[in-house]
Amino acid sequence: MDATTDLLPPVAASSISAFWKGPREQPLGMAALLVLAVVGMEITGVQPILLGALVAEGRLTNAQLGLATTAEFFTLATVLSLAGALLRPVRLRLIAAIAAIVVIAMDLLVSRLSGTSIIVARGMAGVAEGLLVWMPACMVARAPNAAFWSAASLTLQCTTQLLFAAVLPVTLMASHGADGGFAALAALTLVALAMTPLLPNAFAPLTADHATHRASPIPGPAGIAALAAVFLMAAFAIGLFAYFGLLASESGLSPATLGIAVSAVLGAEIAGGIAATLCARLRYFTALLICLVAYAIVIAALHFRLAATPFILTGALFGFFQVFLMPFQLPLVIESDPSRRAAIVLPGVQLFGAATGPFICSFFVTSSDSRGALTACVIFLAVALAIVAPLHLAHRRRPAPRDAAEGDGGDIYS
């Protein structure tokens with residue numbers, strides 16, 4: 001799909017696919033959008049390795065590492081959320097090219113920086129990364145099988161992050177330190193820059209008000225409630241993972257065992273993403289209930305001081321279902337907000353939840369026992385279920401929306 005005007009004109013009824021919100025996207029364009037998602041989210045998987053190397057080189061302190069992480073996470077999440085709520089999806093190629101250039105510049109600039117200047121640079125990189133992730137989020141929100149495309153994107157992200165995390169420390173970073181790692185990120189972003197001509201230049205508006213483009217960007221109450229539930233699910237997932245290492249050390253496990261456990265989590269995340277892709281037609285509420293059972297097993301197991309093998313298996317179980325559930329959060333949001341305005345800001349809400357979860361968990365732990373974080377995680381899940389269950393029951397009592405009859409129903413609604 002293409003557009004040469006500043007605003008995408010109303011789409012004629014004859015050109016609207018029964019499955020897409022607007023004209024069907026071309027395969028090369030969708031592939032380019034998925035690459036943008038991988039590039040924009042790559043730092044979230046390798047941040048501990050790269051920033052940890054900066055600390056080891058004396059270019060960041062322990063406290064500054066936390067500030068750099070927070071700066072990039074929050075700017076990425078903020079820009080992604082604001083773009084989804086306020087920006088019209090037009091001139092996407094130009095925006096993508098500028099954003100990619102900024103990310104490349106910030107990654108390469110790290111080699112000349114230290115201390116506070118690195119924090120500022122990573123915050124600026126987060127702004128550009130948020131714009132890159134916003135574009136594939138627009139595509140997924142308009143797709144017929146949103147869970148499938150979300151799962152495919154997550155699987156690609158997890159696979160690339162695992163590959164970088166495994167390869168960088170023994171290749172570029174072994175000889176060039178943190179600068180080599182950031183250079184690899186810049187090279188990956190260069191691939192995205194090269195693919196910008198393949199991107200669609202605009203997307204059709206999601207709202208029915210095509211003539212004025214003045215429909216409110218704010219989702220309705222049900223959409224906001226669904227986003228709150230997603231926020232809590234993300235807070236649970238990252239809140240638990242943030243204390244995974246401390247739980248391992250308090251169980252008497254060695255750093256080597258922890259490394260194996262983290263690798264098991266990452267590998268299981270890829271498997272979970274693949275499984276979600278294959279099960280994209282599964283009803284989201286069923287998927288949620290399955291995942292809640294798995295999470296209950298994980299939380300109960302981590303309350304005990306596990307030996308190495310049970311701990312690794314528990315981590316793998318957590319990683320599998322953590323990523324398996326994420327694509328089904330999209331149909332949850334679309335069911336509550338058929339306008340799909342909430343769906344576009346969903347990735348930003350997930351990131352905000354990811355950043356907030358560890359912070360809230362920190363109030364539940366002591367200097368000698370991190371298992372209090374598990375209590376916070378139980379609260380996150382309980383409140384999320386208390387929000388989702390009434391929303392789902394209310395939806396089932398309503399007549400199916402027209403979108404469901406036109407092809408979204410089997411893949412979006414349950």
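The values are calculated or read from the model by the stated rules, or taken from the named source; none is laboratory data. These numbers were taken from a predicted model, which means no experiment stands behind them. Neighbour counts are summed over all protein chains in view; Cβ atoms, including those assigned to glycine, are modelled from backbone coordinates with ideal geometry.
For the reader, a short list of remarks on this structure follows.
- Summed over region 23-65, residues that are farther than 22 Å from Thr160 by Cβ and among the small types (Gly, Ala, Ser) total 3.
- Selection from region 141-156 of residues that are within 21 Å of Ala83 (Cα to Cα) and either among the polar types (S, T, N, Q) or in a helix (DSSP H, G or I) (or both): Ala141, Arg142, Ala146, Trp149, Ser150, Ser153, Leu154
- Hey, Val120 farther than 24 Å from Glu269 by Cα and crowded, with 17+ Cβ neighbours inside 10 Å or not: no
- Scanning region 56-71 for residues that are over 18 Å from Ile238 (Cα atoms) and surrounded by 17 or more Cβ atoms within 10 Å (Cβ to Cβ), we see that the one that is modelled with the lowest pLDDT is Gln64.
- Pairs meeting the criteria (first residue in region 266-289 and assigned by TED's automatic domain parsing to the domain that holds Phe321, second residue surrounded by 21 or more Cβ atoms within 10 Å (Cβ to Cβ) and among the aromatic types (Phe, Trp, Tyr), beta carbons under 6 Å, at least 6 apart or on different chains) are Ala268/Phe320; Ala271/Phe320; Gly272/Phe320; Gly272/Phe324; Ala275/Phe324; Ala276/Phe324; Tyr284/Phe328; Ala287/Phe328.
- Unique residue being within 22 Å of Leu240 (Cβ to Cβ), buried (at least 16 other Cβ atoms within 10 Å of the Cβ), among the aromatic types (Phe, Trp, Tyr) and at pLDDT 90 or above when the list is Phe352, Phe318: Phe318
- From the options Ile412, Ile387, Ile344, Ile360, residue that is at pLDDT 95 or above, under 30 Å from Leu131 (Cα atoms) and surrounded by 15 or more Cβ atoms within 10 Å (Cβ to Cβ): Ile387
- A count restricted to region 344-386 and to residues that are of a type in the set (S, T, N, Q) and in a helix (DSSP H, G or I) stands at 3.
- The C-beta contact set for region 164-189 (first residue closer than 20 Å to Arg112 by Cβ, second residue not hydroxyl-bearing (Ser, Thr, Tyr) and not in a helix (DSSP H, G or I), distance under 8 angstrom, 6+ apart or interchain) comprises Gly177/Glu57; Ala178/Glu57; Ala178/Arg59.
- Cβ pairs under 9 Å, 6+ apart, first in region 100-128 and in contact (Cβ under 8 Å) with a residue 40 or more places away in the chain, second surrounded by 22 or more Cβ atoms within 10 Å (Cβ to Cβ) and outside any helix (DSSP H, G or I): Ser114/Leu60; Gly115/Leu60; Ile118/Leu60; Ile119/Leu60
- Apart from one condition, Leu94 fits all of (1) more than 22 Å from the chain's Cα centre (by Cα); (2) modelled with pLDDT under 90; the exception is (2).
- Some residue of region 174-182 being under 21 Å from the mean Cα position of the chain (by Cα) and not β-branched (Val, Ile, Thr): yes
- Single residue of region 72-90 satisfying the filter (at pLDDT 85 or above and in contact with a Gly (Cβ under 6 Å, 6 or more places away or on another chain)) that is nearest to Leu113 (Cα to Cα): Glu72
- Residue within region 261-283 that is surrounded by fewer than 20 Cβ atoms within 10 Å (Cβ to Cβ), in contact with a Gly (Cβ under 8 Å, 6 or more places away or on another chain) and not hydrophobic (A, V, I, L, M, F, W, C) present: yes
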